[in-house]
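Trainee: Shown below is the structure under consideration.
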Amino acid sequence: MLSKVLWENKSHKWIICGRDTDKSAGIIDTNQYILRSGSRLLILEPGGIELFSAMLACALDWAPAHEITDLFASHQDPDIISSLGLWDQALPKAKLHAPAIWEGFIRHFGMENTQYCRISDGGGDIDMGDYVLQCIPAHYLHSSGNFHVYDAELKVLMSGDVGAALEAGQPGLFVEDFEQHTRHMTAFHQRWMPSNRAKNDWISRVRKLDIAYMAPQHGRIFAGDDVKRFLDWFEALEVGCAIQG
Amino acid sequence: MATRLDLADILTFSQSYGERRPPQFVVAATLAGELGQIIHVAKRLSLSSKNARVITVRAGEWGRGFSGITQFIDEYARRTIMCAERINQASSELSRRSIRNLFMDQVVHRLARVIEKKREKSESIVGCHRRLKDNCQAMARESDAATRRLGQDIAEIRECTRALSSLVAICRIEASRAGPFQEALGVIASEIELSTERLLRSVNSGQRILEMLSGPLVSTR
């Protein structure tokens, strides 16, 4: 599994883990993000069961198990957090930050040792000691209880399934040609994103943030002007395409 | 990139689970990461030895003494790399296998509860339970054997490290006899010493982590 530092400042660094060449065929490729600071490590979107052993090895490259203190799940999907039961066994005292409305559902993945930190519908902060992250509401994009993570210091928005692209092979980490890249995003956003109203509400909220990088859970990362290009493109896109009649 | 665990870190890691034992799959993955460091250090050692060889060629008669040692350093670095690669691969595999065993163990316990609660006499359920339980036990035995092999590989690295420690002293003596090349070979001797000390620390950490593996598989029930 690829593991690479993307951005860093004095307090913390962002590391991407993904492009796993050993994963079983037929499993969607996912980006996991690790945020490492002094004595804590946070994993954004820890991933599915199938990915767990590779992801654990990756995380242990950056911190011993007892310093892996926080997990974040933007929503309840299996590719986001079905590995929870294993993380729960692996980590001595972790917190899971996840939408409040999904607690009863996510606990089905197995939680005996992990503390569930509910994120209420309006959002909130994740205080990591050396820095603070904001949970930005992204409900119905695509899950009915959904959050993105904004790092105001490094100007990074981890945008979950928004901005996701389904691209075969081992794509690069960053979008290089935005127009070309839309070919890999269109069908996904049209089908997985159910509500134009929710989409536009999210866009107006996100436009107020100062974003240098938008990092989705699948596919390539948007940098600089491509962030604005994405928001414009998404705004113009009609979503919820499976509704008939 | 990777974290390095000193003995205090390992103690904290072990104690952080409280009454639980650290799960075998975490310990094995931790061992893989820690011993993975040895590969980098041993490669650096091998590079230092190659640099020494270049200097001793230039030094001619002055470097003859040091030159003889570089072959041995290279050989021990090579053996260390081979063992560390084996450990890295085997402990990663052990971690993956432990995760599979954990799943299987959970299924065995759930089936046992079904059989107990429902007084289930269905041949298929009872048979499935027995089969999976046997598989779990077989996997546990394989894990024990893999752990023993890891111990043997760590012991071999320790042997190499001991030999390298002795060679460091000889490097220092030969560097001091190298006349105008004394300083250059002295620097190389220091690099070799530093790498050897790092190897020793990693071996000690690896040994401590390995000791955590020598228990039964951690069950969730």
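Trainee: What is the local net charge at B:Arg96, summed over the other residues whose Cβ is closer than 14 Å to its Cβ (Lys, Arg +1; Asp, Glu -1)?
Mentor: For residues surrounding B:Arg96, the net value is -2.
Trainee: Quick one: if you stick a label point 7 Å off each Cα along the C-beta vector at B:Glu211 and B:Val187, how many nm between them?
Mentor: 4.0 nm
Trainee: What would the Debye equation give as log₁₀ I(q)/I(0) for chain A at q = 0.14 Å⁻¹, counting only Cα atoms as equal point scatterers?
Mentor: -0.88
Trainee: Taking the alpha-carbon centroid of each part, what is the distance from the stretch A:173-245 to the stretch A:60-133 in angstrom?
Mentor: A separation of 26 Å, based on Cα centres.
Trainee: Based on the Cβ-Cβ distance of B:Arg4 and A:Arg191, what FRET efficiency does E = 1/(1 + (r/R0)^6) give at R0 = 51 Å, to the nearest 0.05?
Mentor: Calculated transfer efficiency: 0.65.
Trainee: Within the set of other residues whose C-beta is less than 10 Å from the C-beta of B:Ala178, count the net charge using Lys and Arg as +1 and Asp and Glu as -1.
Mentor: Combined, the nearby Lys, Arg, Asp and Glu give -1.
Trainee: Additional query: Extending each Cα 7 Å along its Cβ direction at B:Ala145 and A:Asp22, get the distance between those two points in nm, one decimal.
Mentor: Spacing of the two 7 Å Cα→Cβ label points: 2.1 nm.
Trainee: Another question about this same structure. Taking Cα pairs under 8 Å and at least six residues apart, what relative contact order does the stretch B:1-143 come out at, in percent?
Mentor: Relative contact order for the stretch B:1-143 comes out at 26 percent.
Trainee: Follow-up question, since we're still on this one. Which of the cysteines found in the protein assembly as shown have nothing to pair with, since no other Cys Cβ lies under 4.7 Å from theirs?
Mentor: By the Cβ distance rule, which asks for a partner under 4.7 Å, the isolated cysteines are A:Cys117, A:Cys135, A:Cys241, B:Cys83, B:Cys128, B:Cys136, B:Cys160, B:Cys171.
Trainee: Moving to a separate point now. Considering only DSSP beta bridges where both residues belong to the protein assembly as shown, give the percentage that are antiparallel (nearest 5).
Mentor: Taking every DSSP beta bridge with both residues in the protein assembly as shown, the antiparallel ones total about 65 percent.
Trainee: Take chain B, connect every pair of alpha-carbon atoms lying under 10 Å apart with a spring to form a Gaussian network, then pick out the residue of B:Ile81, B:Ile69, B:Ile38 with the largest mean-square fluctuation.
Mentor: Residue with maximal mean-square fluctuation among B:Ile81, B:Ile69, B:Ile38: B:Ile69.
Trainee: Next up: I'd like to check one number: the per residue accessible area of the stretch A:1-75, probe 1.4 Å, reported in Å² as a whole number.
Mentor: 31 Å²
Trainee: What are the ³J(HN,Hα) values, in whole Hz, obtained from phi via the Karplus relation 6.51 cos²θ - 1.76 cosθ + 1.60 with θ = phi - 60°, for each residue of the stretch A:102-113 in sequence order, with x given for Gly and Pro?
Mentor: Couplings: 9, 3, x, 7, 5, 4, 5, 6, x, 9, 10, 10 Hz.
Trainee: Determine the total buried accessible area between chain B and chain A, counting protein heavy atoms only with a 1.4 Å probe; round to the nearest 100 Å².
Mentor: The B and A chains share an interface burying roughly 1800 Å².
Trainee: What size of dipole, in debye to the nearest 20, comes out for the stretch B:1-89 about its Cα centre when the only charges are +1 on Lys and Arg C-beta atoms and -1 on Asp and Glu C-beta atoms?
Mentor: 320 debye
Trainee: Right, here's the next one. Averaged per residue, what accessible area in Å² does chain B show with a 1.4 Å probe, protein chains only?
Mentor: Values: 11500 Å² over 221 residues.
Per-residue value: 52 Å².
Trainee: Please compute, for peptide B:96-102, the average count of beta-carbon atoms on other protein chains lying within 10 Å of each residue's beta-carbon.
Mentor: Averaged over the peptide's residues, the number is 3.
Trainee: What residue among A:Glu153, A:Glu112, A:Glu235 has the largest mean-square fluctuation in a Gaussian network model of chain A, using Cα springs under 10 Å?
Mentor: Comparing A:Glu153, A:Glu112, A:Glu235 in the GNM, the peak value goes to A:Glu112.
Trainee: Let me ask you something else. Go ahead and set up a Gaussian network model of chain B, Cα springs under 10 Å, then flag whichever of B:Glu123, B:Glu183, B:Glu93 fluctuates most.
Mentor: B:Glu123
Trainee: Further question on the same structure: List, by residue number, every residue in the stretch B:15-47 with a reduction of 30 Å² or greater in accessible area between the chain on its own and the complete protein assembly, 1.4 Å probe.
Mentor: B:Ser16, B:Tyr17, B:Arg20, B:Phe25, B:Val26, B:Ala29
Trainee: Kindly list the residues of the stretch A:158-192 that lie in the label zone of A:Glu238, defined by a backbone N under 14 Å from the point 7 Å along the Cα-to-C-beta vector.
Mentor: A:190-191
Trainee: Over the stretch A:111-245, what is the relative contact order in whole percent, taking alpha-carbon pairs under 8 Å and six or more residues apart?
Mentor: It comes to 25 percent, rounded to a whole number.
Trainee: A follow-up question, please. Got a sec? Charge dipole of the protein assembly as shown, +1 on Cβ for Lys and Arg, -1 for Asp and Glu; which of A:Trp202, A:Val239, A:Leu133 is way out at the positive end?
Mentor: A:Leu133
Trainee: Okay, helix-only estimate at 222 nm for chain B: each DSSP H run of n ≥ 4 adds -39500 (n - 2.57), divide by all residues, round to 500 deg cm²/dmol; what do you get? Intermediate values should be presented prior to the final figure.
Mentor: Values: 5 runs with 186 residues, N = 221.
The helix contribution divided over chain B gives -31000 deg cm²/dmol.
Trainee: Putting +1 on Lys and Arg Cβ atoms and -1 on Asp and Glu Cβ atoms, find which of B:Ala138, B:Val126, B:Ser98 reaches farthest to the positive end of the dipole of the stretch B:74-155.
Mentor: So the residue we want is B:Val126.
Trainee: While we're looking at this one, here's another question. Quote to one decimal, in nm, the extra length available between B:Ile115 and B:Gln137 on full extension: 0.36 nm per residue of separation minus the C-alpha distance between them.
Mentor: 6.0 nm
Trainee: Count the net charge of all other residues whose Cβ sits under 14 Å from the Cβ of B:Leu31, scoring Lys and Arg as +1 and Asp and Glu as -1.
Mentor: Taking every other residue near B:Leu31 into account, the sum is 0.
Trainee: Determine the share of the stretch A:67-204's accessible area contributed by carbon and sulfur atoms, expressed in whole percent, with a 1.4 angstrom probe. Kindly include the intermediate steps, with their values, before the conclusion.
Mentor: Values: 2570 of 5400 Å².
Roughly 48 percent of what the probe reaches on the stretch A:67-204 is carbon or sulfur.
Trainee: Could you list which residues have their amide H under 5 Å from that of A:Gly219, counting only those 5 or more apart in sequence or on another chain, with H placed in the peptide plane?
Mentor: For A:Gly219, whose amide H was placed from the backbone, the distant partners under 5 Å are A:Asn31, A:Ala165.
Trainee: Could you list the GluC sites (Glu not before Pro) in the stretch B:131-167 that lie in coil according to DSSP, counting only those with at most 12 other Cβ atoms within 10 Å of their Cβ? Please list the in-between numbers first.
Mentor: Numbers: sites: B:Glu142, B:Glu156, B:Glu159; in loops: none.
Here no loop site has a sparse enough neighbourhood.
Trainee: What percent does the relative contact order of the stretch A:2-236 come to when contacts are Cα pairs within less than 8 Å and at least six residues apart?
Mentor: 14 percent
The values are calculated or read from the model by the stated rules, or taken from the named source; none is laboratory data. Every value quoted in this text rests on a predicted model; they were computed, and no experiment measured them. Cβ atoms come from the backbone with ideal geometry, glycine included; neighbour counts cover every protein chain shown. Protein only, heavy atoms only, side chains kept; ligands, DNA and RNA dropped before computing areas. Shrake-Rupley method; radii C 1.70, N 1.55, O 1.52, S 1.80 Å.
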